[in-house]
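Throughout, read-outs are computed from the coordinates displayed, never taken from laboratory work. Source: prediction; values computed, not measured. Positions of Cβ are generated from backbone atoms using ideal geometry, with glycine treated the same way; all protein chains shown enter the neighbour counts.
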Amino acid sequence: MPLPKPKKTKRKFYNKWIYKVSCSLQGAYALRVWKLSDIITVASGKAIHLEGNYWSERSTDRFMSDAKNWLKLALLLESTNTDKLQLRVEGDNVDVYTNDKSVYDNICDTFKNDEKIIWRRFEPLAGTEQDLLNSAYSIFVKHLPHHRYQYKVYLQPHKLGNKSDRERLCDWLETQVPRITFSDSTRKWIMRTTENWDRRYIYVEDEPALMMIKLREDQLVGKVYKHIIK
């Protein structure tokens, strides 16, 4: 099974990385409880002693069912300087982020013949690597969203006040359409969200429109990304 076609990196991951490769490996929680050297040891068939009851026998069995692939990945990662990559674990998925194309290529080459290990990957369009690295909160696009909006603005309604304040804010935001995007579902989300767990955004036409929102309610505005046509 061939590697999945790479998606194009339009903005830096975590505002830092331009390459991403996602691997599906049984027992990925191992990366939370073991060092890479421990993973190499266990995947090689040797036992290690864990302080405390961190991991169940069933989870270890899941890890060992994919031991050969864990050994391959851990050896690659251990040989890479830690400042050249970042790992993210969710379920049985391991996301590897890097700015070093050789690290990205090595992981892809290592698993190119292993069915379903790599299920997603991102890389910059050739020639845009340095632009991405030099960018701060930028998204590279072929054209502006809806051919109009320069900014993508993440919202943080969990920082807002009481219901009446939110209602007045939503009424005001509706008056800004079409300079911004604002839907009924966005209104409902702003009205009910009190915890910071759901990341949503609106599009904003230009800098004056963005400034108006900040002046009206600065706490609502989270990270702001500017679309750059490439």
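Which ³J(HN,Hα) values, rounded to whole Hz and listed in residue order, are derived for region 20-27 from phi using the Karplus coefficients 6.51, -1.76 and 1.60 in 6.51 cos²θ - 1.76 cosθ + 1.60 with θ = phi - 60°, glycine and proline given as x?
9, 9, 9, 10, 9, 9, 4, x
Give me 59, 79 ranked fewest to most by other Cβ atoms within 10 Å of their Cβ, as a rough exposure proxy. Numbers along the way, then the final one.
On the way: 59 16, 79 10.
With the fewest neighbours first, 59, 79 line up as 79, 59.
Please give me the summed charge of the neighbours of residue 105: other residues whose Cβ is under 11 Å from its Cβ, Lys and Arg +1, Asp and Glu -1. Write down the numbers at each step before the final one.
Numbers: positive: 101, 112, 121; negative: 100, 109, 123.
For residues surrounding residue 105, the net value is 0.
So in region 113-230, what percent of DSSP beta bridges are antiparallel if you round to the nearest 5?
In region 113-230, approximately 70 percent of DSSP beta bridges are antiparallel ones.
Over the chain, one equal point on each Cα, no solvent: what is log10 I(q)/I(0) by the Debye formula at q = 0.07, 0.13, 0.17 Å⁻¹?
Each listed q maps to, in turn, -0.34, -0.90, -1.12.
What's the FRET efficiency of residue 113 with residue 75 using the Cβ-Cβ distance as r and R₀ = 22 Å, to the nearest 0.05?
Values: r = 17 Å, r/R0 = 0.76.
With R0 = 22 Å, the Cβ-Cβ based efficiency is 0.85.
Run the numbers for residue 174 and residue 146: contour at 0.36 nm per residue of separation, minus the present Cα-Cα distance, in nm.
Numbers: separation 28, 0.36 × 28 = 10.08 nm, distance 1.81 nm.
Between residue 174 and residue 146, full extension yields 8.3 nm more.
Cα atoms only: what Rg and Dmax, in Å, come out for region 45-156?
Rg then Dmax for region 45-156, in Å: 19.0, 59.
Do the sum for the chain: with -39,500 (n - 2.57) for every DSSP H run of n ≥ 4, divided by all residues, what is the mean residue ellipticity at 222 nm, to the nearest 500 deg cm²/dmol?
Details: 9 runs with 82 residues, N = 230.
About -10000 deg cm²/dmol.
Give me the one-decimal nm value for the distance between modelled label points at residue 156 and residue 229, 7 Å along each residue's Cα-to-Cβ direction.
Inter-label distance under the simple model: 3.2 nm.
Using DSSP loop states and a limit of at most 15 other Cβ atoms within 10 Å to flag GluC sites (Glu not before Pro), what is the longest stretch of the chain containing no flagged site? All intermediate terms of the calculation are to be shown ahead of the outcome.
Working: sites that count: 51, 115, 195.
Within the chain, the longest run free of exposed GluC sites (Glu not before Pro) spans 116-194.
Just flag the trypsin sites (Lys or Arg not before Pro) in region 83-179 sitting in loop per DSSP whose Cβ has no more than 10 other Cβ atoms within 10 Å. Walk me through the numbers before you get to the answer.
On the way: sites: 84, 88, 101, 112, 116, 120, 121, 142, 148, 152, 159, 163, 166, 168, 179; in loops: 112, 116, 142, 148, 179.
Of the trypsin sites (Lys or Arg not before Pro), the ones in loops of region 83-179 whose Cβ has at most 10 other Cβ atoms within 10 Å are 116, 142.
For region 156-217 and region 76-137, write down the distance between their C-alpha centroids in whole Å.
Taking the Cα centre of region 76-137 as reference, the centre of region 156-217 is 35 Å away.
When the chain is fully extended, how far beyond the present Cα-Cα distance does residue 57 get from residue 200, taking 0.36 nm per residue of separation? Can you show the working numbers first?
Numbers: separation 143, 0.36 × 143 = 51.48 nm, distance 3.87 nm.
Full extension of this stretch gives 47.6 nm more.
In the calculated pair distance distribution of region 93-139, what percentage of Cα-Cα distances lie above 14 Å? Walk me through the numbers on the way to the answer.
Numbers: 629 of 1081 pairs.
Of all Cα-Cα distances in region 93-139, 58 percent exceed 14 Å.
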